[in-house]
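Step one of this worksheet: look at the structure below.
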Amino acid sequence: MTYEFKWSVLWAQPHLTWLIDGLLTTLRLASISWCIAVLLGIVFGAMRTVPFRPVRAVATAYVEFFRNVPLLVWLFFWYFGAPEAFPEPVRQWFIHHGIEFWSAVAGISVYHGARFAEVIRAGIQAIPRTQLEAGLSSGLSVVATYRLIIIPIALRLIVPPATNESLNLLKNTSLAMTIGVAELTFAARQIETYTAKAVEALTSAALIYLVLCLSISSVMNWLEGKFAIPGLIARGTRAEH
Amino acid sequence: MKRFGLALILALIILSFAASAPAQTQSTLEKIKNSEVFTIGVRNASPPFSFINKQNERAGFSNDLAELIHKGIEKKLGKQVKMGMKETSPATRIALLTSMSVDLITETMTDTRPRRDSVDFSLTYFVTGADFIVKKGSPIEGVKDIAGKRIGTQQGSTNERILREKYTQAQLVTMPDQAAAFMALQQGKLDAYCNDAIQLWGLKYKSANPDQWVVVGEWISYEPYGFAMRKNDSDFRAVVNNALMEAIEGGEYFKIYEKWFGTKSDVPYPMTQAFKSFLLNQVVPK
């Protein structure tokens, strides 16, 4: 009854192809969702700090609504619920163009968009109010002050928490398997169910996620150093890596 | 890159612990005797084999047979033990079995040769084959019509494997469980859902509007169901098989069959003469 290890199941075909396809799907899902989430985060994060109450209220509603429901529930909503509201031709088009994948993109990006918005709001609020006042008094509009001064500084401030959020987003793509997206975790489970080699299959997925996440945090660290504005932000020595 | 290396080394250390985990040496009968619990692996939505009924109780054909095996175990051990139930799925059941969380998988597991590398099976207690369920009026009448269509399957099932390997023209959508797959079919997100015929009949009769669903096609596979247990535990296996043989010989098996698949049941599925002979032939002399 001892468990026998058989690591070769990972590179035996078709298992290797499944893992590679799964990895590519995970990367595609994560990168598309990340771009949308960051965009939503910047827009709503900035809106939460502007000096007009109705705009702030809209942004607050978005953030509180989307971040306070578990991502898994959102995925079911975007797959089983939301498409039913579309007109039939649109719905059919989605069904025949990867509805599982795009529902996952919608769920992950909107949920993480709300979380990114909070990170960006924190970044903006860390900038002294005098910066906004200085911008306005030099003749810039509110939008121009945000675009040219506030957001560029805020984006630099938030690199560490944004890295955290990005890693969460990448790892959360694994939930997409519950709505039939054949991503990396799905591929590992698939190998497991075909071979009953659970430890090998799940270890391979764990190591791939680990390498992906470490790569992302290395890149983010490099970006942080590269785009630092000398003298603007008081900082200790660079993070050890 | 120091951090990268450190994290990887840490991962490898954790892995080597997993690799050196102590082997289980306790036999299943010893385990049941000591813990006084016989745990079976069940399902919540595989009617009429293993499911949660309208009274919110675990029930089904497999459950009733497991009850007979439970009695056989008590007789063998000479003491009363409880029967525990744990929810399993095709993706988790083998792991739950090998980790000693359950002692017998009693839902709807097809006996296959690759699976016999990891688990042992009891006698065959039911025989079915894969079919498709479609909405009434669908152009799909069988496996010949599935090219380019969105066909749902359940991850880790034998049907999924057959479709993936032999019928590559279909566009497979693999769902984690039956409930999700049937929901997607109802919403038109799938053109058909493939599973063992008997389970599709169960789904059809359990759905809100049974007339709306049709089970179509010739069986594209042969699915003999067996109860799965840990490998190389022949004493336990003998207890399970003897209980089944006694049930077939003594007629309890046929009563239970009538209860779940008879003309008055929810899923009428009359027993063929061939299957009856097959069952009786599995019984070895006393």
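The values are calculated or read from the model by the stated rules, or taken from the named source; none is laboratory data. Since the model is a prediction, treat every value here as computed from it, not as a measurement. Neighbour counts run over all protein chains shown; Cβ positions are idealised from the backbone, glycine included.
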key: All positions within segment B:249-281 that are in contact (Cβ under 8 Å) with a residue 40 or more places away in the chain and β-branched (Val, Ile, Thr)   = B:Ile256, B:Val267
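Results for (1) farther than 25 Å from A:Asn168 by Cβ; (2) more than 24 Å from the chain's Cα centre (by Cα); (3) surrounded by fewer than 17 Cβ atoms within 10 Å (Cβ to Cβ), shown as yes or no for each residue.
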position	(1), (2), (3)
A:Phe86	yes, yes, yes
A:Ser109	no, no, no
A:Gly113	no, no, no
A:Gln125	no, no, yes
A:Pro128	yes, yes, yes
query = For segment B:200-213, what are the residues that are crowded, with 18+ Cβ neighbours inside 10 Å and either of a type in the set (A, V, I, L, M, F, W, C) or farther than 22 Å from B:Ser157 by Cα (or both)?
reply = B:Leu200, B:Trp201, B:Leu203, B:Trp213
request  = Being farther than 24 Å from A:Leu212 by Cβ and over 21 Å from the mean Cα position of the chain (by Cα) narrows it down to one of A:Phe80, A:Phe44, so name that one.
outcome  = A:Phe80
ask   = Across segment B:81-113, which residue is nearest to B:Gln154 (Cα to Cα) among those that are within 13 Å of chain A (Cβ to nearest Cβ) and among the hydrophobic types (A, V, I, L, M, F, W, C)?
value = B:Ala91
query = For segment A:191-216, what are the residues that are facing another protein chain (nearest Cβ under 7 Å) and among the polar types (S, T, N, Q)?
reply = A:Thr193, A:Thr203
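Just to be sure, is B:Thr174 at the interface with chain A (Cβ under 9 Å from one of its Cβ atoms) and under 20 Å from the mean Cα position of the chain (by Cα)?
So B:Thr174 passes the test.
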key: Matching option when the condition is modelled with pLDDT under 95, under 30 Å from B:Arg161 (Cα atoms) and touching an Asp or Glu at 6+ places or on another chain (Cβ under 8 Å), among B:Arg58, B:Arg43   = B:Arg43
ask   = If you scan segment A:171-184, which residues turn out to be surrounded by fewer than 24 Cβ atoms within 10 Å (Cβ to Cβ) and either over 14 Å from A:Trp34 (Cβ atoms) or in contact with a Leu (Cβ under 7 Å, 6 or more places away or on another chain) (or both)?
value = A:Asn172, A:Ser174, A:Leu175, A:Thr178, A:Ala182
query = Among the residues of segment B:158-168, is there at least one that is touching a residue at least 24 places away in the same chain (Cβ under 8 Å), within 11 Å of chain A (Cβ to nearest Cβ) and touching a Gly at 6+ places or on another chain (Cβ under 9 Å)?
reply = no
request  = Residue by residue through segment B:206-237, note down the ones that are of a type in the set (A, V, I, L, M) and farther than 25 Å from B:Gly188 by Cβ.
outcome  = B:Ala228, B:Met229
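Rundown of residues vs (1) modelled with pLDDT under 85; (2) over 19 Å from A:Val110 (Cα atoms), yes/no style:
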{"position": "A:Val159", "(1), (2)": "no, yes"}
{"position": "A:Thr163", "(1), (2)": "no, no"}
{"position": "A:Lys171", "(1), (2)": "no, no"}
{"position": "A:Ser174", "(1), (2)": "no, no"}
{"position": "A:Ala187", "(1), (2)": "no, yes"}
{"position": "A:Ile191", "(1), (2)": "no, yes"}
{"position": "A:Thr195", "(1), (2)": "yes, yes"}
{"position": "A:Leu207", "(1), (2)": "no, yes"}
query = If we scan segment B:185-195, do we find a residue that is assigned by TED's automatic domain parsing to the domain that holds B:Glu141, within 18 Å of the chain's Cα centre (by Cα) and free of Cβ contacts under 8 Å to residues at least 12 places away in the same chain?
reply = no
ask   = Between a first residue in segment B:114-130 that is touching a residue at least 40 places away in the same chain (Cβ under 8 Å) and away from chain A (no Cβ under 14 Å) and a second residue that is part of a helix (DSSP H, G or I) and basic (Lys, Arg), which pairs have beta carbons less than 9 Å apart while being 6 or more apart in sequence or on different chains?
value = B:Ser122/B:Arg237
